[in-house]
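Everything on this sheet refers to the single structure shown next.
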Amino acid sequence: MSSIYLITGPSGSGKTTLSNYLTGLGHTSIDADSAPGICYHVNQAGKPVPYPADADASWWETHHYVWELSRLRRLIGSANPTDGLVFVCGNAGNIDQARDMFEAVYYLDIPQDSMIQRLQNSDRDHSFGRRIVEQDLLLSWVDGFKAEMLELGATVIDATQPVAKVTADILGEIRAH
């Protein structure tokens, strides 16, 4: 039986970098944003819709980025970790509905100015957050998202540290429990 852990945080907090690092160390890590069929946008009726290139604040008021929970469960279930640990790295508007999948939740905390600086990096794997309108939205969401994750019992991890230290902190927390 595997122990499954969620690593989440705002855009630019290092979820993809951490997922890649964990994989490089031999751990089983799923970057939810990159896993086919896991993440998509929905309208108010819950119907999948494409993300428009010109999405603005009014579009985001009526749309959400979510996980397809049944597919995520199957993907996690198909993992065959050598150490019994599975890490899911990502963020979605329905994490609260997925909470029961995870042994624990880790929130990558980053100051807003550092988050914006990372989002502007052209080497970044994901393009969301490069546009000013997206950055403004992220800044308006981040405090509420952090509060929601804390309500779900998330452990806060300082994401300004080097990825090796962030990893060590998370693994140390897991070993302590």
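FYI, it's all coordinate maths here, none of it is from the lab. None of the values given here were measured: they were computed from a predicted structure. Cβ: placed from backbone, ideal geometry, glycine included. Neighbour counts: every protein chain shown.
Neighbour counts of other C-beta atoms within 10 Å: give me 118, 175, 73 arranged from fewest to most.
Values: 118 19, 175 7, 73 14.
Lowest to highest Cβ neighbour count: 175, 73, 118.
Residue separation times 0.36 nm, minus the C-alpha to C-alpha distance between residue 62 and residue 103: what's the value? Walk me through the intermediate numbers first.
Numbers: separation 41, 0.36 × 41 = 14.76 nm, distance 3.14 nm.
Here the answer is 11.6 nm.
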**Fill in**
Taking placed amide H atoms and a strict 5 Å upper bound, the residues 5 or more places from residue 7 or on another chain that come that close are 88, 89, 90, 106
**Fill in**
Answer check: the chain, Cα atoms, Kirkwood Rh, Rg/Rh ratio of 0.94
**Prompt:** Tell me which lysines have Cα within less than 22 Å of residue 165's Cα, excluding those fewer than 8 residues away on the same chain?
**Reply:** 15, 146
**Request:** With a point put 7 Å past each Cα toward its Cβ, work out how far residue 25 is from residue 173 in nm, to one decimal.
**Result:** 1.3 nm
**Asked** Placing +1 at every Lys and Arg Cβ and -1 at every Asp and Glu Cβ, with all other atoms neutral, what dipole size does segment 30-132 have around its Cα centre, in debye to the nearest 20?
**Response** 280 debye
**Complete:** The rounded separation in angstrom of the Cα centers of segment 1-39 and segment 82-108 is 9 Å
**Gain on full stretching of the segment that runs from residue 139 to residue 34 - 0.36 nm per residue minus C-alpha separation** = 35.5 nm
**Message:** Can you give me the angle between helix 15-24 and the longest principal axis of the chain, using Cα atoms only, in degrees from 0 to 90, rounded to the nearest 10?
**Reply:** 30 degrees
**Prompt:** Distance in nm between label sites at residue 147 and residue 123, each 7 Å beyond Cα in the beta-carbon direction?
**Reply:** 3.6 nm
**Message:** If each residue of separation counts as 0.36 nm, what is the full-extension length gain between residue 163 and residue 79 once their alpha-carbon separation is subtracted?
**Reply:** 27.9 nm
